[in-house]
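Undergrad: Dumping the structure here so I can ask a few things about it.
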Amino acid sequence: MSGGGMFKLEELSQAVIRGDNDAAFNLAENALAENVPARQILEKGLIPGLRRVGDLFESGEYFLPELIVAGDAVSQALDLLEPILAQAETPFMGNFLIGTVKGDIHDLGKNIVVMMLKGNGWKVTDLGVDITPEEFCETVKKGDYQVIGLSCLLTMTMGHVEKTISRLTESGLRDKIKVMVGGAPTTPAWAEKIGADAHAKDGPAAAKKAAALIGKGE
C-alpha cells in the first residue's frame, strides 16, 4: 500500500480527535475508494484516534462533550465500514454478551469492541447502556454465551462492574461464562481484583482476549 493511504488514516485519527464528523466520514469513504481494507481503516485510523481521545479524557484535557462528539465522528465512519467488515469470511467463534453497566451511558468503546468481535467471528448480543446486574444475569441465564463483556467509562460506575460479577456468582452463573471488563478507568490489576477473567483496553485487544478465553487464541 502506498504511503498516501497511511497518511489518510493518520488524518482520519486526527478528524476523530477533533470530533469532525464530516471529515471522518469522507476520509473513511476515500480510504475505501482507494481499496484500503475496512479492517485497516478501523485499526489504523479510527481506533488510534479514539485511544487518543480516551487519553485526553483521562488526563482532564477533554470532557464529556468532546468525548461524545468524537464518538459521533467514529459512529458515522463505522456505519460505512460495518457492512464490509460483516462480509469478511471468518470462522464462527462463539456467542458474546456485552453491555455498559448501570449508571453509565457511554457506548463508544463498547461499539468498537462489538465491531471488532463481529469481524473476528463472534455472534454478539449487545444489551446497550445502563444495564443492571439483574439484567445481565437474566440474559446469561436464558442464553448460551461463552463470554460476557462489562464496559464502564466512569470511575464512579466501576462498582457496578464488581456488583455484576458478584450477582453472577450469587445466581450460580459465574462458572457458566467468562467475564471480560474494559473501559477508560479500568486496569488489568483491578479486573483481577474483582474476579474478572480478562481485561481489554480496546477493540483489537478484546477480540484477541476473547479468543484466548475460549481456547481459540494464537
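Just so you know, all these numbers are worked out from the coordinates, no wet-lab data involved. Not measured: the values here are computed from a predicted model. For neighbour counting, all protein chains shown are included, and Cβ atoms are generated from backbone atoms with ideal geometry for every residue, glycine included.
Undergrad: What are the membrane-span-like helices in the chain by this rule: whole DSSP H runs, Cα extent along the axis at least 27 Å, mean Kyte-Doolittle hydropathy at least -0.5?
TA: 64-87
Undergrad: Follow-up. Please give me the summed charge of the neighbours of residue 72: other residues whose Cβ is under 14 Å from its Cβ, Lys and Arg +1, Asp and Glu -1.
TA: Values: positive: 18; negative: 20, 22, 66, 79, 107.
Neighbourhood net charge equals -4.
Undergrad: Taking the Cα centroid of the range 158-218 and of the range 1-63, what is the distance between the two, rounded to the nearest whole Å?
TA: One Cα centre to the other: 27 Å.
Undergrad: For the range 1-140, what does the convex hull of the Cα positions come to per residue, in cubic angstrom?
TA: Details: hull volume 14.6 nm³, N = 140.
Per residue, the Cα convex hull of the range 1-140 comes to 104 Å³.
Undergrad: For residue 102, list the lysines whose Cα falls under 28 Å from its own Cα; do not include residues on the same chain fewer than 8 positions away.
TA: 110, 118, 123, 141, 142, 163, 176, 178, 193, 201, 208, 209
Undergrad: Using a 10 Å cut-off around each Cβ, can you sort 155, 164, 139 from fewest to most neighbouring Cβ atoms? Numbers along the way, then the final one.
TA: Details: 155 12, 164 28, 139 17.
Arranged by neighbour count, lowest to highest, 155, 164, 139 become 155, 139, 164.
Undergrad: Springs between alpha-carbon pairs under 10 angstrom, Gaussian network model over the chain: which of 80, 50, 67 fluctuates most?
TA: Its mean-square fluctuation being the largest, the pick is 80.
Undergrad: Continuing with the same structure: What would the Debye equation give as log₁₀ I(q)/I(0) for the range 94-213 at q = 0.20, 0.22 Å⁻¹, counting only Cα atoms as equal point scatterers?
TA: Debye output, listed in q order: -1.04, -1.31.
Undergrad: Please sort by residue number the GluC sites (Glu not before Pro) in the range 5-76 whose DSSP state is loop and whose Cβ has at most 16 other Cβ atoms within 10 Å. Write out the running numbers ahead of the final one.
TA: Details: sites: 10, 11, 29, 34, 43, 58, 61, 66; in loops: 34, 61.
Filter output for the range 5-76: 34, 61.
Undergrad: Let me ask you something else. What does the charge count around residue 58 come to, taking other residues whose C-beta lies under 14 Å from its C-beta (Lys +1, Arg +1, Asp -1, Glu -1)?
TA: Taking every other residue near residue 58 into account, the sum is -1.
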